[in-house]
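Throughout, read-outs are computed from the coordinates displayed, never taken from laboratory work. Bear in mind the structure is a predicted one, so any value in this text is a computation, not a measurement. Glycine gets a Cβ as well: all are built from the backbone with ideal geometry, and neighbour counts include every protein chain shown.
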Amino acid sequence: MRALVTGAGGFVGAHLVARLVADGWDVTCTVRPGGSQARITDLGVRGAVDVVEADLSDRGATDAAGRAARVDVAFLLAAAVTANILANMLSEGEETAPWMGIALWAGIIVTSLVAKPDWSVIRPAAKGAMFLAALVVAASLMPVKGLPEPSWQSAFGLGLLSSLFDNIPLTVLALKQGGYDWALLAYAVGVGGSMVWFGTSAGVALTNEFPEGRSLVKWLKQGWFVPVSFVVGFFIMLLLLGWNPAPSPVAGAH
């Protein structure tokens with residue numbers, strides 16, 4: 001498989017390139033004209049990839065890079081990161097629209113001019129997407145107006161609960177309430193949600209390909225190390241960094 005990674009000079013892009021190379025991908029990556037290639041050099045993959053200097057505002061240069069690489073997959077990091085930054089700047093932290101999703105679809109449509117997407121995967125993936133959307137809606141309808149008093153214990157509990165309910169409504173409640181240690185909470189709901197397949201979008205996508213993973217017993221039996229790692233990681237983080245509550249950025253915006 002061949003991949004095109006834009007924004008490879010950045011931290012996320014460089015590490016994505018390194019991971020793809022380690023997994024056996026043929027990678028072509030773009031950096032800004034005159035941009036630094038230090039990160040991919042430091043990660044030891046500079047000699048294993050093709051680097052193209054291209055300005056993403058120049059459609060011709062970007063299209064040429066994609067056609068030259070004959071890519072199967074394009075990772076448009078610039079589109080996702082830019083959408084995230086602009087949305088936060090223009091909306092003062094409030095999500096006025098699903099900008100990340102819009103940016104993703106825009107990236108798919110633009111890159112379809114270079115490499116034809118496999119649209120046939122939409123139909124089987126739609127079932128998982130609908131299931132995940134139903135989970136989010138169901139969790140949003142929970143008659144819960146508030147959470148327990150912020151503490152490391154409640155953050156840990158939210159991590160466990162995130163494996164059964166979608167973590168988005170829980171995180172929204174925590175942001176509105178304020179007083180949590182946001183780094184610890186982000187770890188809890190992010191990693192905790194991955195303990196059970198239906199607690200994470202990645203798990204839903206995975207079970208689309210491997211339906212046998214929908215067995216909760218098999219999931220926990222064969223992936224027992226995931227909840228163990230969550231618990232160990234949580235308490236290591238707590239011991240090293242402590243509990244550092246902070247006011248909610250959402251509450252502060254009002």
Fill in the blank from the handout: Residues whose modelled amide H sits under 5 Å from the amide H of GLU53, counting only those 5 or more places away in sequence or on another chain, are VAL31
Practice task
Taking 7 Å along the Cα-to-C-beta vector as the label spot, tell me the LEU241-ILE102 distance in nanometres, rounded to one decimal.
Solution key: 3.1
Practice task
Any chance you could run the full-extension gain for LEU220 through ARG2? It's 0.36 nm times the residue separation minus the Cα-Cα distance, nm to one decimal.
Solution key: 75.1 nm
Practice task
Report the extension gain between LEU175 and PHE210 in nm, rounded to one decimal, defined as 0.36 nm multiplied by the number of residues separating them, less their alpha carbon distance.
Solution key: 9.1 nm
Problem - Gain on full stretching of the segment that runs from LEU141 to MET89 - 0.36 nm per residue minus C-alpha separation - result: 15.8 nm
Completion exercise
Any residue on another chain or 5+ positions along whose placed amide H is under 5 Å from the amide H of ALA8 is listed here as THR30
Exercise for the section: Show me 9-17, 30-38 ranked by packing, highest mean number of other Cβ atoms within 10 Å first. Expected result: 9-17, 30-38
Handout entry: Ordering of 180-187, 215-222 by packing [mean C-beta count within 10 Å, highest first]
Key = 180-187, 215-222
